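Student: The following block contains the structure, expressed as structure tokens.
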Amino acid sequence: MNDENKQEPQDKAVDEAVAREMEGVPEHLRDDGPADEDETGLEDALANLKGDLDKAMQDVLYARAETQNVRRRLEKDVQDARNYGATSFARDILSVADNLSRALEHVPEELRESDKAKNFIAGIEATMRELDKVFGQNGITRIAAKGMPLDPNQHQAMMEIPTDDAEPGTIVQEMQAGYMIKDRLLRPAMVGVAKKPD
């Protein structure tokens, strides 16, 4: 009798502990019903878990693809910044190159032969060569114009010049040089285009 009395509180404590543990377990997973219901509930739970796993794997794949796309975009942005970051500065410095070219074009021949002006003119020519070298190092190239057919992607026609010396649509005069930076247009060449005389 004594042993039975001791056993009852132990069983009661075990039952209470089991009941506490089962509080967080979903109904379909509890071991309350017959074995057939248990198996069906377990199969449903497994199917739900498999569905959740498939969805989670799909979400991971989408997240991985999105991360890869973001990485590619960032790499392209960094590359563009390296290649074209100086575009604004390059456009501004082109006016300096234009002024140096105009200065050299308008030097009279007698001044070129003068001993006093030779060194000055040689200095301007050396500056122009250095500027061209710096342009080349930074991927800035001059657009070919005179004698070329008009390309609206690189040339801006400012006027038509009647002439028999060139095919219509051919550039016969360059008013302002055009430049590319890498594979992008920095400034179009401003040109005069041949047309048939009236």
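Student: Any residue in the stretch 154-165 that is surrounded by fewer than 13 Cβ atoms within 10 Å (Cβ to Cβ), modelled with pLDDT under 90 and out of contact with any Asp or Glu (no Cβ under 8 Å at 6 or more places or on another chain)?
Tutor: Within the stretch 154-165, one or more residues are surrounded by fewer than 13 Cβ atoms within 10 Å (Cβ to Cβ), modelled with pLDDT under 90 and out of contact with any Asp or Glu (no Cβ under 8 Å at 6 or more places or on another chain).
Student: Take the stretch 103-128 and flag every residue that is loosely packed, with under 11 Cβ neighbours inside 10 Å and under 25 Å from Val172 (Cα atoms).
Tutor: Glu105, His106, Pro108, Glu109
Student: Turning to a different aspect of this structure: Scan Val134, Val172, Val191 and give me the residue that is closer than 22 Å to Ser101 by Cβ and touching a residue at least 40 places away in the same chain (Cβ under 8 Å).
Tutor: Val191
A quick yes/no check of all residues on (1) within 18 Å of Asn83 (Cα to Cα); (2) modelled with pLDDT of 90 or more; (3) of a type in the set (A, V, I, L, M, F, W, C):
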| site | (1), (2), (3) |
| --- | --- |
| Val134 | yes, yes, yes |
| Ile140 | yes, yes, yes |
| Ala144 | no, yes, yes |
| Met148 | no, yes, yes |
| Pro168 | no, yes, no |
| Gln176 | no, yes, no |
| Met190 | no, yes, yes |
| Val193 | no, yes, yes |
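Student: Before we move on, is Asp115 out of contact with any helix residue (DSSP H, G or I) (no Cβ under 8 Å at 6 or more places or on another chain) and either without any contact (Cβ under 8 Å) to a residue 24 or more places away in the chain or of a type in the set (Lys, Arg) (or both)?
Tutor: Yes: the conditions hold for Asp115.
Student: Using the structure shown, decide if Val172 is at pLDDT 90 or above and over 29 Å from Val193 (Cα atoms).
Tutor: Judged against the criteria, Val172 is not a match.
Student: Just to be sure I understand, how many residues within the stretch 170-198 are surrounded by 13 or more Cβ atoms within 10 Å (Cβ to Cβ) and assigned to a loop (DSSP other than H, G, I, E, B)?
Tutor: Residues meeting the conditions: 4.
Student: Within the stretch 81-143, which helices (runs of 4 or more DSSP H) (wholly inside it) include 2 or more residues that are touching a strand residue (DSSP E or B) at 6+ places or on another chain (Cβ under 7 Å) and of a type in the set (A, V, I, L, M)?
Tutor: 87-105
Student: Here's another thing I want to ask about it. For residues in the stretch 139-164 being of a type in the set (Val, Ile, Thr) and closer than 17 Å to Leu185 by Cα, which is farthest from the chain's Cα centre (by Cα)?
Tutor: This residue is Ile143.
Student: It is to be established whether one or more residues within the stretch 123-132 are at pLDDT below 90, among the hydroxyl-bearing types (Ser, Thr, Tyr) and not assigned by TED's automatic domain parsing to the domain that holds Gly192.
Tutor: No, the stretch 123-132 has no match at all.
Student: Sticking with this structure for a sec: Condition check: touching a strand residue (DSSP E or B) at 6+ places or on another chain (Cβ under 8 Å) and either closer than 30 Å to Lys195 by Cβ or surrounded by 10 or more Cβ atoms within 10 Å (Cβ to Cβ) (or both). Does Leu53 satisfy that?
Tutor: Judged against the criteria, Leu53 is not a match.
The values are calculated or read from the model by the stated rules, or taken from the named source; none is laboratory data. Source: prediction; values computed, not measured. Cβ coordinates were reconstructed from backbone atoms using ideal geometry, including for glycine residues, and neighbour counts include every protein chain displayed.
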